[in-house]
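The values are calculated or read from the model by the stated rules, or taken from the named source; none is laboratory data. Quantities reported herein were computed from a predicted structural model and do not represent experimental measurements. We place every Cβ from the backbone using ideal geometry, glycine too, and count neighbours over all the protein chains shown. Protein only, heavy atoms only, side chains kept; ligands, DNA and RNA dropped before computing areas. Shrake-Rupley method; radii C 1.70, N 1.55, O 1.52, S 1.80 Å.
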Amino acid sequence: MKPLPLPALDARTTYATCISKTRPAKAKARLKELEDQVAAAAADYEKAAAAAALHTLGHLENQPDGDDENATSNKALTNCYTSRMARKGSAGRSLYNQLLQAAKDLCPLCGHGYANTLDHQLPKSSYPLLATAPANLVPACLTCNHAKGENAPASAEEQTLHPYFDDITDHVWLAARLTEPPEPGVSFYVTPHPDWTRTLTARVQRHFATFKLGKLYAAQVGTELGALNDYLRDKPYKAIVDELQHRAASYGTRNSWQAALYRALAASPWYVSSGYLNEWDT
Ligand SMILES: [Zn+2]
């Protein structure tokens, strides 16, 4: 997970920009009437997100219409995002682009995919008032965006990590495990830091499982190790350990799958002595 700075965009201004070109004037006036509620909801959201308490925002669920079957305001608000912010050429599209570009192409949720969408941390279908709230819009790759779907956390532990509010990069938390023959392979898992609270540990595990990071990272391993085979062949044991340790320290960030992989390889006598000769790329 890669942290990102909290967007400097103000929720009220963002909403006002999105609705600015709405026609007819009557429809625009109806959206304008919701502006105070949108701004208040965004303020509540930011406070809750900073306290890792998004599950406490039940009072915003399905608001402003509640369970009203017609739910015209709810629909108008979600449409504000879809048609007036995400749609190319719409009034809010430049703000959409601004939020997306902060990720510099890399999906902060998996740290691997190409960030080409915005994901609603709390889904717009259940939280229409937060549909255009900048702090609720997180750059994501398509896979991560789909993986999270319309889920909203029911407890503190169920919250996936929020790139604008959570930063666990100070700690090494991603590790890889090597299995030896007859079924050589690599798997990835979370190593909770002793300073973490139980809630944070649960959240990191939740994040790891929701975005299927273990599977995603393991899928990259074959190509990486296949390319190493020839490079390491016939090198002395110590030189191989040094090379792997060097890669662990320099490849990506400490919690990149590559860094975790090379730490595990360097620590495996089996891999260093002969394991690298396996047909890893098949
Ligand atoms: Zn992703």
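Residues in the range 144-189 that are in contact (Cβ under 8 Å) with a residue 60 or more places away in the chain, under 12 Å from the mean Cα position of the chain (by Cα) and not in a loop (DSSP other than H, G, I, E, B): C144, A147, K148.
Report yes if some residue within the range 169-191 is surrounded by fewer than 17 Cβ atoms within 10 Å (Cβ to Cβ), among the acidic types (D, E), under 30 Å from C18 (Cβ atoms) and at pLDDT below 95; otherwise report no. Scanning the range 169-191, I find no residue that is surrounded by fewer than 17 Cβ atoms within 10 Å (Cβ to Cβ), among the acidic types (D, E), under 30 Å from C18 (Cβ atoms) and at pLDDT below 95, so the answer is no. Sub-6 Å Cβ pairs linking a first residue in the range 44-72 that is over 14 Å from L130 (Cα atoms) to a second residue that is modelled with pLDDT under 95 and open to solvent by less than 60 Å² (accessible area, probe 1.4 Å), at least 6 apart or interchain, are A71/D65, ordered by first then second residue.
Determine, yes or no, whether A135 is assigned by TED's automatic domain parsing to the domain that holds R87, part of a helix (DSSP H, G or I) and farther than 16 Å from T82 by Cα. It is true that A135 is assigned by TED's automatic domain parsing to the domain that holds R87, part of a helix (DSSP H, G or I) and farther than 16 Å from T82 by Cα.
Restricting to the range 209-231, give me the number of residues that are open to solvent by 30 Å² or more (accessible area, probe 1.4 Å) and not charged (D, E, K, R). The qualifying residues number 9.
Residue count for the range 1-39 under the criterion of being in contact with a helix residue (DSSP H, G or I) (Cβ under 9 Å, 6 or more places away or on another chain), of a type in the set (A, V, I, L, M, F, W, C) and either under 27 Å from D167 (Cβ atoms) or outside the structural domain of L130 (by TED's automatic domain parsing) (or both): the result is 6. Residue-level check: of (1) without any contact (Cβ under 8 Å) to a residue 24 or more places away in the chain; (2) not assigned by TED's automatic domain parsing to the domain that holds T22, R93 misses just (2).
The residue that is farthest from L161 (Cα to Cα), among those in the range 87-143 that are open to solvent by 30 Å² or more (accessible area, probe 1.4 Å) and among the polar types (S, T, N, Q), is S94.
Of everything listed in (1) under 24 Å from F211 (Cβ atoms); (2) away from the ligand (no atom under 16 Å from the Cβ), the single unmet condition for G149 is (2).
Residues are listed down the side, and each one gets a yes or a no for (1) over 15 Å from I19 (Cβ atoms); (2) away from the ligand (no atom under 11 Å from the Cβ); (3) of a type in the set (D, E); (4) modelled with pLDDT under 95:
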residue	(1), (2), (3), (4)
A76	no, yes, no, no
R84	no, yes, no, no
G89	yes, yes, no, no
Y96	no, yes, no, no
L99	yes, yes, no, no
A102	yes, yes, no, no
P108	yes, no, no, no
Y114	yes, no, no, no
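If I filter the range 226-233 for residues that are of a type in the set (K, R) and either within 16 Å of the ligand (Cβ to nearest atom) or in a helix (DSSP H, G or I) (or both), do I get at least one hit? Reasoning before the result, please.
Of all residues in the range 226-233, those of a type in the set (K, R) come to 233.
Now restrict to residues that are either within 16 Å of the ligand (Cβ to nearest atom) or in a helix (DSSP H, G or I) (or both): none.
No, the range 226-233 has no match at all.
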